[in-house]
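S.K.: Quick one: structure below, then a few questions.
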Amino acid sequence: MGRHVFLFACTLLLLAASAASATGIVERTFYVKNMTVSRLCKTQVITTVNGSLPGPTIHVQEGDTLVVHVINQSPYNITIHWHGVFQILSNWADGPNMITQCPIQPGRKFTYKFTITRQEGTLWWHAHVSFLRATVYGALIIRPRNGHSYPFPMPYKEVPVVLGEWWNANIVDVQRQAAATGAAPNISDALTINGWPGDLYSCSKHQMYELTVTKGKTYLLRIINAALNTQLFYKIANHKMTVVAIDASYTKPYVTDVAVTGPGQTVDVLVTADQPVGSYYMAARAYASATVNGQLVGFDNTTTRGVIVYDGSPPPATPLMPALPAYNDTPTAHKFYSSLKALVGARFWDPVPLKVDYEMFVTIGLALSPCPANTSCTGPKLSASMNNESFVEPTSISLLQAFYQHVNGVYTTNFPAKPAVKFDYTNNSINNNLPKLFAPKSTKVTQLKFNSTVEIIFQNTDILGPENHPMHLHGFDFYILAQGFGNYNPKTDRKKFNYIDPQIRNTVAVPVGGWAVIRFVANNPGAWILHCHLDMHLPIGLATAFLVENGPTPDTTLPPPPADLPKC
């Protein structure tokens, strides 16, 4: 009898272990099509997924395989990028246009399929063609697999808070006009929270996001900056926030009254409804850092707000409004960005690799390029560069296809590991040297050995004016070892490196007029773009790419492309 009981107990344990580790397939269909909406006293046509703004939130568990059928019923080419997902051995599903795939043309479809491993937290998905990301985006929530829990108290409820921008114009026309004239694109007309502008805008009194809370309960707000070109301050009146994760990477709890996010970044915060029963505004407005001759460049200086309403709050209560930082409050932004630390020992945390195989010093910033002949462009066009190379996407075949199929003439592997010319990078006097403002157009990339460790020092430049640049690397998370202002000084600044608990992200906000140092392990074969996530900067060249070679075994080798991969 005892033996049977023992065997039965063992069987139960095995079943429990199997259930705890079980993963599944999550399947969704995205219909990309135009729809008519009303915002800011105007009715206009926008492109969305499944007729909603933001698009549908996808919920998965770590270890799940996600299958998304994208059916393009819009008049535009489209791709979908799964921002922050590692895409381990599924580089074909990453989504950036002409980097890993040709676009899905109108009337056609493509299925993205990939497994989400070693990641938990808040990521998101968005269009990666043109400026369509302005309305084609949504949250991607990765929960721990069965049998695992969060490294913080379980919240009462989890709520996506997706911050965005709104234009009273066709967003594709906005980009086309900028490309034709050579100028910066028109700034947005409003900011949004979960697709709604809030009651400070015309005709928007009832177009405001509302969250009802129960006093005493704690909520996990999954904040996503889906804006095209605006970094944002976010606050909730009279409430503290505890940051517990960034870019799907757990952090040491950090208590703050303001969250700062660059486009592409996510911040998970715990908020307890511990104030008197009533109504409280949540609000967001720009962190504007771009200047020319010391003056802020034009930006969307409006404020979006939603409202948190406690159960039992007597209507019509006037919500309390938080005091937001000044638009150019760089000290507040830098304090937030530099105060975050990784949660050492958390699931999937790995220590910083100390041996570096490939070092890069990369200047980032704006540039100029000559006007093409026979265009409406009247002067030098706005451009951008990394190490004075302005990136051009391939046109006839994707970068990944060319790499995988050994096609010549599409790219070169001589992206410079350091600037060809050294200068005082953060000194405005550089703008008196006209030849240095022009960056040649190229498709130069860096080829990396599998499993090599790469360190990049990003150095902001003052060419045409400094700006805080959110730099996003596809396919990898990286350690942010240090960040600061002015020119990077290897003798003094290397002493500031944090090798113990540096924050881990996929998008780093390189300080305005400053620098940041990141480090990552190139353990994922394929073609991975590194670019500024201000969408006005990607089309004008603030990008490059890494080509990571296959590893030595079949399970470190990129498989062939899927049969339905779009053709150019």
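The values are calculated or read from the model by the stated rules, or taken from the named source; none is laboratory data. Remember, predicted model here, so these are calculated numbers, not experimental data. Quick reminder, even Gly has a Cβ in these numbers, built from the backbone with ideal geometry, and neighbours come from all protein chains shown. Each accessible area value is taken on the protein alone, full model and side chains, heavy atoms only, with ligands, DNA and RNA left out. Shrake-Rupley method; radii C 1.70, N 1.55, O 1.52, S 1.80 Å.
S.K.: I need the full set of residues from the range 179-221 which are among the charged types (D, E, K, R) and farther than 27 Å from ALA290 by Cα, in order please.
M.R.: ASP199, LYS205, GLU210, LYS215, LYS217
S.K.: Given the criteria at negative phi and within 23 Å of the chain's Cα centre (by Cα), does THR318 qualify?
M.R.: The answer is no for THR318.
S.K.: Is there a residue being surrounded by fewer than 17 Cβ atoms within 10 Å (Cβ to Cβ), within 24 Å of ALA288 (Cβ to Cβ) and modelled with pLDDT under 95 anywhere in the range 432-441?
M.R.: no
S.K.: Take the residues in the range 230-240 that are assigned to a loop (DSSP other than H, G, I, E, B) and not polar (S, T, N, Q); name whichever of them is most open to solvent (accessible area, probe 1.4 Å).
M.R.: LYS240
S.K.: Within the range 380-395, track down each residue that is more than 24 Å from MET360 (Cα to Cα) and touching a helix residue (DSSP H, G or I) at 6+ places or on another chain (Cβ under 9 Å).
M.R.: PRO380, LYS381, LEU382
S.K.: Of the residues in the range 547-556, how many are open to solvent by 50 Å² or more (accessible area, probe 1.4 Å) and either among the β-branched types (Val, Ile, Thr) or farther than 22 Å from PHE450 by Cβ (or both)?
M.R.: 1
S.K.: Related question: Could you check the range 241-258 and list, in sequence order, the residues that are open to solvent by 20 Å² or more (accessible area, probe 1.4 Å), part of a strand (DSSP E or B) and over 11 Å from SER339 (Cβ atoms)?
M.R.: Across the range 241-258, the qualifying residues are THR242, TYR250, PRO253.
S.K.: While we're looking at this one, here's another question. Quick one: in the range 473-493, which of the residues that are charged (D, E, K, R) and under 28 Å from ASN523 (Cα atoms) is surrounded by the most Cβ atoms within 10 Å (Cβ to Cβ)?
M.R.: Residue satisfying both the conditions and the ranking: ASP477.
S.K.: Could I ask something else about it? Pairs, please: C-beta under 9 Å, at least 6 apart or cross-chain, first residue on the phi > 0 side of the Ramachandran plot and in the range 179-200, second buried (at least 24 other Cβ atoms within 10 Å of the Cβ) and charged (D, E, K, R)?
M.R.: Final answer for the pair search is GLY198/ARG305.
S.K.: Between a first residue in the range 140-157 that is farther than 27 Å from ALA226 by Cβ and a second residue that is not small (Gly, Ala, Ser), which pairs have beta carbons less than 8 Å apart while being 6 or more apart in sequence or on different chains?
M.R.: That search, which allows pairs on different chains as well, returns ASN146/GLN61; HIS148/GLU62; HIS148/ARG347; PRO153/THR218; PRO153/LEU270.
S.K.: Where residues in the range 48-68 are under 20 Å from the mean Cα position of the chain (by Cα), touching a residue at least 60 places away in the same chain (Cβ under 8 Å) and outside any loop (DSSP other than H, G, I, E, B), which of them is surrounded by the fewest Cβ atoms within 10 Å (Cβ to Cβ)?
M.R.: My answer is HIS59.
S.K.: For the range 358-375: of the residues being in a loop (DSSP other than H, G, I, E, B) and under 30 Å from GLY513 (Cβ atoms), which is least open to solvent (accessible area, probe 1.4 Å)?
M.R.: CYS371
S.K.: Give just the number: which of (1) in a strand (DSSP E or B); (2) within 24 Å of PRO502 (Cβ to Cβ); (3) open to solvent by less than 10 Å² (accessible area, probe 1.4 Å); (4) not acidic (Asp, Glu) does GLY264 not satisfy?
M.R.: (1)
S.K.: So, in the range 491-533, how many residues would count as being closer than 27 Å to PHE450 by Cα, outside any strand (DSSP E or B) and not polar (S, T, N, Q)?
M.R.: Residues in the range 491-533 being closer than 27 Å to PHE450 by Cα, outside any strand (DSSP E or B) and not polar (S, T, N, Q): 7 in total.
S.K.: Which of the residues spanning the range 210-229 are in a loop (DSSP other than H, G, I, E, B) and either free of Cβ contacts under 8 Å to residues at least 40 places away in the same chain or closer than 20 Å to LEU123 by Cβ (or both)?
M.R.: Answer for the range 210-229, where residues must be in a loop (DSSP other than H, G, I, E, B) and either free of Cβ contacts under 8 Å to residues at least 40 places away in the same chain or closer than 20 Å to LEU123 by Cβ (or both): ALA226, ALA227, LEU228.
S.K.: Just to verify a result, which residue in the range 32-47, among those that are open to solvent by less than 30 Å² (accessible area, probe 1.4 Å) and either of a type in the set (A, V, I, L, M, F, W, C) or not in a strand (DSSP E or B) (or both), is nearest to GLY107 (Cα to Cα)?
M.R.: Among those that are open to solvent by less than 30 Å² (accessible area, probe 1.4 Å) and either of a type in the set (A, V, I, L, M, F, W, C) or not in a strand (DSSP E or B) (or both), it is VAL32.
S.K.: Is there any pair linking a residue in the range 555-568 that is over 22 Å from GLN105 (Cβ atoms) to one that is open to solvent by less than 50 Å² (accessible area, probe 1.4 Å) and not in a loop (DSSP other than H, G, I, E, B), with Cβ under 7 Å and at least six apart or on different chains, and which?
M.R.: What qualifies is LEU558/ASN91; LEU558/GLY526.
Table: residues versus (1) more than 24 Å from ASN97 (Cβ to Cβ); (2) open to solvent by less than 70 Å² (accessible area, probe 1.4 Å); (3) modelled with pLDDT under 95; (4) in a loop (DSSP other than H, G, I, E, B).
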site	(1), (2), (3), (4)
CYS377	no, yes, yes, yes
THR395	no, no, no, yes
PHE403	no, yes, no, no
ASN408	no, no, no, yes
ASN414	no, no, no, yes
ALA417	yes, yes, no, yes
SER429	yes, yes, yes, no
LEU464	yes, yes, yes, yes
PRO470	no, yes, no, no
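S.K.: A follow-up question, please. Identify all residues within the range 274-322 that are part of a loop (DSSP other than H, G, I, E, B), touching a helix residue (DSSP H, G or I) at 6+ places or on another chain (Cβ under 8 Å) and surrounded by 19 or more Cβ atoms within 10 Å (Cβ to Cβ); write none if there are none.
M.R.: Residue satisfying the conditions is SER289 alone.
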